[in-house]
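Worksheet: one structure, shown below.
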Amino acid sequence: QVQLVESGGGLVQAGGSLRLSCAASGLTFVNYAMGWFRQAPGKDREFVATINRSGAGTSYADSVKDRFTISRDNVKNVLYLQMNSLKPEDTAVYYCAARLLVTSTNPGSYNYWGQGTQVAVSS
């Protein structure tokens, strides 16, 4: 059975950094494009970043561009999100997701989801 398990969330001051990880199992990782999404209280789940199967192609939401970096390790079957210069508005539950073959910014098109990890940024 497919499992995506996020880790690395926590409480950090504005301007700080966190690195999220997402360990994948039960699927052929290299066949899946991967994405990070987030959901703040009272808001819809929103796109943060995506990465293609090889790791050579990435895409970011404007709100995180130049601050966040998505990457993947296709040997270890792990997805990462390096988050720098964090702002209070980055506070949310962060989810990783897997989509067969190609990337998308539409969360509804993803096949598998993790349980989420909380990120809280204090001002």
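The values are calculated or read from the model by the stated rules, or taken from the named source; none is laboratory data. Bear in mind the structure is a predicted one, so any value in this text is a computation, not a measurement. Quick reminder, even Gly has a Cβ in these numbers, built from the backbone with ideal geometry, and neighbours come from all protein chains shown. Protein only, heavy atoms only, side chains kept; ligands, DNA and RNA dropped before computing areas. Shrake-Rupley method; radii C 1.70, N 1.55, O 1.52, S 1.80 Å.
A few remarks follow.
- Most mobile of ASP66, ASP44, ASP90 in a GNM of the chain (Cα contacts under 10 Å): ASP44
- On a per residue basis, segment 28-106 carries 48 Å² of accessible surface, using protein heavy atoms and a 1.4 Å probe.
- Note on segment 41-119: Kirkwood hydrodynamic radius from all Cα pairs is 13.4 Å, rounded to one decimal.
- Largest GNM mean-square fluctuation across PRO88, PRO41, PRO107, computed for the chain with C-alpha springs under 10 Å, falls on PRO41.
- Net +/- balance of residues flanking PRO88 in space, Cβ distance below 15 Å, scoring K and R +1, D and E -1: +2
- Of the trypsin sites (Lys or Arg not before Pro) in segment 47-94, the ones in a loop by DSSP (not H, G, I, E or B) with at most 16 other beta carbons within 10 Å are LYS65, ARG67, LYS76.
- Working note: Karplus 6.51/-1.76/1.60 with θ = phi - 60° gives segment 13-23 the couplings 6, 3, x, x, 10, 9, 10, 8, 10, 9, 8 Hz, where Gly and Pro are set to x.
- Mean Cα-pair separation over length for the chain, i.e. relative contact order, pairs under 8 Å, 6 or more apart, %: 36
- Computed over neighbours whose Cβ is under 12 Å from that of TYR110, the net charge equals +2, Lys and Arg +1, Asp and Glu -1.
- Accessible surface ranking that places the most exposed of ARG45, ARG38 first, with a 1.4 angstrom probe: ARG45, ARG38
- Among beta bridges from DSSP that stay inside the chain, the antiparallel ones total about 90%.
- For ASN77, the shell of other residues with beta-carbons less than 15 Å away shows a net charge of +1, using +1 for Lys and Arg and -1 for Asp and Glu.
- Placing +1 on each Lys and Arg Cβ and -1 on each Asp and Glu Cβ, with no other charges, gives segment 62-123 a dipole about its Cα centre of roughly 160 debye.
- Across segment 17-60, the residues whose backbone nitrogen lies under 11 Å from the label position 7 Å along the beta-carbon direction of GLN3 are 23-26.
- Sequentially through segment 47-56, phi angles give Karplus couplings (6.51, -1.76, 1.60; θ = phi - 60°) of 5, 10, 7, 9, 9, 7, 5, 7, x, 7 Hz, Gly and Pro residues having no value and appearing as x.
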